[in-house]
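J.: The structure's right below; bear with me while I get my questions together.
The values are calculated or read from the model by the stated rules, or taken from the named source; none is laboratory data. These figures come from a predicted structure and were not determined experimentally. Don't worry about glycine lacking a Cβ; one is built from the backbone with ideal geometry, like all the others, and counts go over all protein chains shown.
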Amino acid sequence: MEAEILNFGRLKSYQHIFFDLDHTLWDFERNSEETIAELYQFLKMDAVGIPSARNLYESFEKANRWAWNQYHLDLIDKESLRINRFQIALSDYGVHDNDLAENMAQHYLYNCPQKKHLLPGSIEILEYLVQKTKLHLISNGFAEITQQKIENTGLKGYFKSVTTPSHSGHKKPQKEMFMYALQKANCSAKDALMIGDDVEADVLGAQRCGIDQVFFNPSKQINVVESTYEIEELNQLRHFL
């Protein structure tokens, strides 16, 4: 799909911009892989037959994507997500140890939010946009983890409001999540723009309540859902904002 950042004829001004966090500003892959590598060493996971930290990360990454998808669809709850992804990752190596999975979950949730890697251009684009409009964060992440991430990376000061499922009682892509965020920001859908990397959660979710969307697509995946705009780098937002 061709990015609409070149279609200046449809440009409009937005009074409020909502950002997703993980995979959009916060570099989930890099931060997560570092945490898994540390966890692998700390818990001596070679002793249970896992060949390397990289192997463990690859298993975790697949399990984590599956678990978050189940969570988005309301098929599992927060606690199940927290532990199931580690149980599934361990099962790739024939390890079925709930105590070990629990230790992994605790280590991961304590250490990963301390990581400070952001995606390229994150601070620069926030510095640019905060001079022009009001910025907000809307994330499906756990409230306490989201708060730690934005504090540890210096992002907190950019956002007028932060919305998570713990606040709203709903999750992206549910319409109610976006309506809650709009109400919290005291803005209407027509004055808002949603920026995120997830077609289902961010693009379709925003569409359901009439919010324009930017699909952040750095991996250049083929997208069958039409978004208002599409970008591959955050600094491309300057072309139309």
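J.: When you scan the stretch 117-127, do you find a residue that is free of Cβ contacts under 8 Å to residues at least 40 places away in the same chain, surrounded by fewer than 19 Cβ atoms within 10 Å (Cβ to Cβ) and either closer than 30 Å to Q15 by Cβ or in contact with a Leu (Cβ under 6 Å, 6 or more places away or on another chain) (or both), even just one?
T.: yes
J.: Taking the condition of being in contact with a Lys or Arg (Cβ under 6 Å, 6 or more places away or on another chain) and not hydrophobic (A, V, I, L, M, F, W, C), how many residues in the stretch 102-138 meet it?
T.: So the answer is 4.
J.: Please work out which one of (1) under 17 Å from L81 (Cα atoms); (2) more than 16 Å from the chain's Cα centre (by Cα) is the condition C112 fails and give its number.
T.: (2)
J.: Pairs only if they're at least six apart or on different chains, beta carbon under 8 angstrom, first in the stretch 36-62 and touching a residue at least 40 places away in the same chain (Cβ under 8 Å) and closer than 23 Å to L81 by Cβ, second among the aliphatic types (A, V, I, L, M) and outside any helix (DSSP H, G or I); list them, first residue then second.
T.: That search, which allows pairs on different chains as well, returns V48/V95; I50/V95.
J.: Go through the stretch 67-81 and give me each residue that's within 18 Å of C112 (Cβ to Cβ) and without any contact (Cβ under 8 Å) to a residue 40 or more places away in the chain.
T.: If the condition is that a residue be within 18 Å of C112 (Cβ to Cβ) and without any contact (Cβ under 8 Å) to a residue 40 or more places away in the chain, then A67, E79, L81 are the ones that fit.
J.: Has the stretch 82-100 got at least one residue that is modelled with pLDDT under 95 and more than 27 Å from L237 (Cα to Cα)?
T.: Looking through the stretch 82-100, at least one residue is modelled with pLDDT under 95 and more than 27 Å from L237 (Cα to Cα).
J.: Which one is farthest from I125 (Cα to Cα), of the residues in the stretch 158-179 that are hydrophobic (A, V, I, L, M, F, W, C) and not in a helix (DSSP H, G or I)?
T.: V162
J.: Of all the residues that make up the stretch 146-169, how many are surrounded by 19 or more Cβ atoms within 10 Å (Cβ to Cβ) and at pLDDT below 95?
T.: Matching residues across the stretch 146-169 total 2.
J.: May I pose another question? For R54, are the conditions met, namely being more than 22 Å from L204 (Cα to Cα) and surrounded by fewer than 14 Cβ atoms within 10 Å (Cβ to Cβ)?
T.: It is true that R54 is more than 22 Å from L204 (Cα to Cα) and surrounded by fewer than 14 Cβ atoms within 10 Å (Cβ to Cβ).
J.: If A89 passes every condition in (1) of a type in the set (G, A, S); (2) in contact with a Ser or Thr (Cβ under 6 Å, 6 or more places away or on another chain); (3) not in a helix (DSSP H, G or I) but one, which one does it miss?
T.: Of the numbered conditions (1) of a type in the set (G, A, S); (2) in contact with a Ser or Thr (Cβ under 6 Å, 6 or more places away or on another chain); (3) not in a helix (DSSP H, G or I), the odd one out for A89 is (3).
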